[in-house]
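Participant: First, the structure itself, so that you have it in front of you.
The values are calculated or read from the model by the stated rules, or taken from the named source; none is laboratory data. Since this is a predicted model, take the numbers as computed values, not measurements. Heads up, the Cβs are rebuilt from the backbone with ideal geometry, glycines too, and the neighbour counts pull from every protein chain shown.
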Amino acid sequence: MITLTEILVDESETLTPQEITEYNGMLHESVHNLYKLLENLLEWAMVQRGLMDFSPKPHGLSDLYSQSTATLKTRAEQKGISIINSISESQQVFVDEKMIKSVIRNLVSNSVKFTNRGGTVVVNAESSDDRMVVISVSDTGVGIPRDIIDKLFVVGEKVGTKGTEGESSTGLGLILCKEFIEKHGGKIWVTSEEELGSTFYFTVPTTEIV
């Protein structure tokens with residue numbers, strides 16, 4: 001994460017419009033990363049202390065996706081990455097809105113972070129036979145080394161790496177995703193090949209499970 005100190009310049013220097021744009025972009029990225037880290041830390045603390053409400057209700061999945069990713073579009077556009085929503089408008093889920101929005105936001109954000117310029121991120125959903133829906137977030141990114149995959153959802157494992165343009169990552173977001181999905185009785189997993197991309201999958205119920 002770039003710091004304010006690193007982008008300060010001598011008062012006698014005159015910045016060009018291009019330099020101002022670049023510095024503004026770096027500041028925006030730094031603030032965004034800090035906000036996301038603090039948000040994840042707060043959610044993690046609330047989960048661990050049992051302070052986060054769990055109130056699953058019927059929701060349209062496509063609507064949840066749109067609300068979750070609205071703030072990610074700017075960064076995707078900056079990297080020339082296309083985010084494609086392939087979720088059916090009719091797909092319903094029975095979930096806690098805040099938790100699932102957090103999951104979708106974290107997974108799509110990670111895909112954008114680890115995908116090179118001009119890449120693609122696709123979000124899809126397919127119903128299974130057990131009143132669950134399988135949601136996937138696929139990208140054409142750099143992929144994940146095999147020795148890292150088994151550590152992604154384990155508390156205490158240090159797996160934070162830099163994105164394709166130096167974006168910071170702590171790995172905490174995936175731990176939160178696992179907590180939230182398991183709270184719904186679902187599962188989360190990933191398949192990946194280095195230099196070919198990754199697909200994160202998770203399941204949530206489509207109806208109330210008694």
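Participant: What's the number of the condition R146 fails, among (1) of a type outside the set (G, A, S); (2) surrounded by 13 or more Cβ atoms within 10 Å (Cβ to Cβ); (3) within 17 Å of T191 (Cα to Cα)?
Facilitator: (2)
Participant: Scan V142, V121, V155 and give me the residue that is at pLDDT 90 or above and outside any strand (DSSP E or B). If you could, list the steps in order and put the result at the bottom.
Facilitator: Working: V121 fails: outside any strand (DSSP E or B); V155 fails: at pLDDT 90 or above.
Exactly one residue qualifies, and that residue is V142.
Participant: Is it true that T115 is buried (at least 19 other Cβ atoms within 10 Å of the Cβ) and hydroxyl-bearing (S, T, Y)? Show your work before the answer.
Facilitator: Values: buried (at least 19 other Cβ atoms within 10 Å of the Cβ): yes; hydroxyl-bearing (S, T, Y): yes.
Against the criterion (buried (at least 19 other Cβ atoms within 10 Å of the Cβ) and hydroxyl-bearing (S, T, Y)), T115 qualifies.
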